[in-house]
């Protein structure tokens with residue numbers, strides 16, 4: 001039997017509280033820009049995240065850099081809430097969102113301790129459906145870079161979770177095989193299904209205690225405390241392998 005060598009992790013809302021940072025960002029922007037004041041906070045958040053799904057299509061069609069796509073995301077978001085603004089104002093809002101988001105963002109409690117313990121024994125790689133330079137700024141601001149050996153940002157490779165190819169790229173970066181690897185993530189489709197399809201043991205980071213789409217799925221982490229127990233769980237889940245997991249049983 002192979003031994004665990006590599007721990008792959010999703011970033012946003014798995015080890016980094018992206019939703020919390022974005023909520024704080026829009027609370028501030030509602031104070032700064034009068035045209036945001038009439039839009040409920042939850043609507044701003046839902047419409048902003050909704051545009052994420054459009055960005056992958058823009059990248060795939062070609063002709064735009066990741067930075068241009070991210071700026072277009074802000075433009076689409078503003079239009080989606082009824083604010084078709086001029087280009088200079090779109091750029092101002094885009095830059096302000098990014099600056100506040102990075103400045104106010106932070107990892108979930110316990111992440112430093114867990115990654116510190118994992119780093120003693122394993123290669124740690126981030127696999128994220130976002131832009132590399134944006135994520136690097138968030139990682140550096142959160143002081144997580146000392147734990148992370150490499151990152152595979154989907155925008156930079158133009159391939160996205162749950163596609164198997166992005167996991168292959170990550171395995172190559174880690175010089176690891178699927179049976180030497182686990183994947184931690186909060187998104188059932190992108191992280192859990194994606195990892196399982198790539199032959200990697202998936203572990204669902206589920207802080208909200210949501211019901212698993214597959215009731216038989218037991219590889220679940222609900223907290224990053226205490227670190228030693230979390231690491232033991234990761235190792236236990238890995239030792240069970242994926243032989244008993246089946247897409248037909250609900251991981252879809």
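Does residue 152 fit the bill of being touching a residue at least 12 places away in the same chain (Cβ under 8 Å), closer than 22 Å to residue 200 by Cα and touching a strand residue (DSSP E or B) at 6+ places or on another chain (Cβ under 9 Å)?
When the stated conditions are applied, residue 152 passes them.
If you go through segment 153-171 one residue at a time, how many are part of a helix (DSSP H, G or I) and either at pLDDT 95 or above or surrounded by 19 or more Cβ atoms within 10 Å (Cβ to Cβ) (or both)?
10
Look through segment 197-209, keep the residues that are touching a strand residue (DSSP E or B) at 6+ places or on another chain (Cβ under 7 Å) and part of a loop (DSSP other than H, G, I, E, B), and return whichever of them is nearest to residue 127 (Cα to Cα). Break it down stepwise before answering.
Residues of segment 197-209 that are touching a strand residue (DSSP E or B) at 6+ places or on another chain (Cβ under 7 Å), as a first pass: 200-206.
Next, from what is left, pick out any that are part of a loop (DSSP other than H, G, I, E, B): 200, 206.
Details: 200: 13, 206: 17 Å.
My answer is 200.
Take the residues in segment 130-147 that are farther than 29 Å from residue 58 by Cα and crowded, with 17+ Cβ neighbours inside 10 Å; name whichever of them is farthest from the chain's Cα centre (by Cα).
The qualifying residue farthest from the chain's Cα centre (by Cα) is 147.
Tell me, which helices (runs of 4 or more DSSP H) lie completely within segment 6-92 with 1 or more residues that are crowded, with 17+ Cβ neighbours inside 10 Å and free of Cβ contacts under 8 Å to residues at least 24 places away in the same chain?
In segment 6-92, 18-32, 52-61, 66-80 are the helices (runs of 4 or more DSSP H) which contain 1 or more residues that are crowded, with 17+ Cβ neighbours inside 10 Å and free of Cβ contacts under 8 Å to residues at least 24 places away in the same chain.
Residues checked against (1) free of Cβ contacts under 8 Å to residues at least 12 places away in the same chain; (2) part of a helix (DSSP H, G or I); (3) touching a strand residue (DSSP E or B) at 6+ places or on another chain (Cβ under 7 Å):
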{"position": "173", "(1), (2), (3)": "no, yes, yes"}
{"position": "176", "(1), (2), (3)": "no, no, yes"}
{"position": "192", "(1), (2), (3)": "no, yes, yes"}
{"position": "195", "(1), (2), (3)": "no, yes, yes"}
{"position": "211", "(1), (2), (3)": "yes, no, no"}
{"position": "229", "(1), (2), (3)": "yes, yes, no"}
{"position": "234", "(1), (2), (3)": "no, yes, yes"}
{"position": "243", "(1), (2), (3)": "yes, no, no"}
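The values are calculated or read from the model by the stated rules, or taken from the named source; none is laboratory data. Every value quoted in this text rests on a predicted model; they were computed, and no experiment measured them. Note that we place each Cβ from the backbone using ideal geometry, even for glycine, and neighbour counts take in every protein chain shown.
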